[in-house]
1. What residues qualify as long-range amide H neighbours of Gly29, i.e. H under 5 Å apart, gap of 5 or more or another chain, H built at 1.01 Å from N?
2. Any idea what the dipole of the stretch 4-66 comes to, in debye rounded to 20, about its Cα centre with Lys/Arg Cβ at +1 and Asp/Glu Cβ at -1?
3. Which value, in Å to one decimal place, does the Kirkwood hydrodynamic radius take for the stretch 4-66 when every pair of different Cα atoms is included?
4. What net charge is computed for the residues neighbouring Ala51, neighbours being all others with C-beta under 10 Å from the C-beta of Ala51, Lys and Arg scored +1, Asp and Glu -1?
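Rule-based calculations on the coordinates, nothing more; no lab input. Computed from a predicted model, the values in this text were never measured in an experiment. Cβ: placed from backbone, ideal geometry, glycine included. Neighbour counts: every protein chain shown.
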Amino acid sequence: MSRIIVTHGYYGCDSGCCGHVIEVNGVEGEFSFAHPGPHEDFRAFAESIIAAKLGPDHVKDLDWEHCIIVDD
């Protein structure tokens, strides 16, 4: 079973250039400068990032019931 993790990448936060990174099975992927909107659901944000980087097929078969979503 694949494990997909979307984490905040602190690269350049002091300059406003931070974003998020997708990690698949322990391998860090491409950095994205995207951030969720002020009222955007974090799951919807994660789904959009995963779909954009890995394709929509990866979103529909994820086990969202057992996901851990942390807002820090």
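1. Counting only residues 5 or more places away or on other chains, the set is Ile22, Glu23, Val24.
2. With only Lys, Arg, Asp and Glu charged at Cβ, the dipole is about 140 debye.
3. Evaluated on the stretch 4-66, it is 12.3 Å.
4. 0
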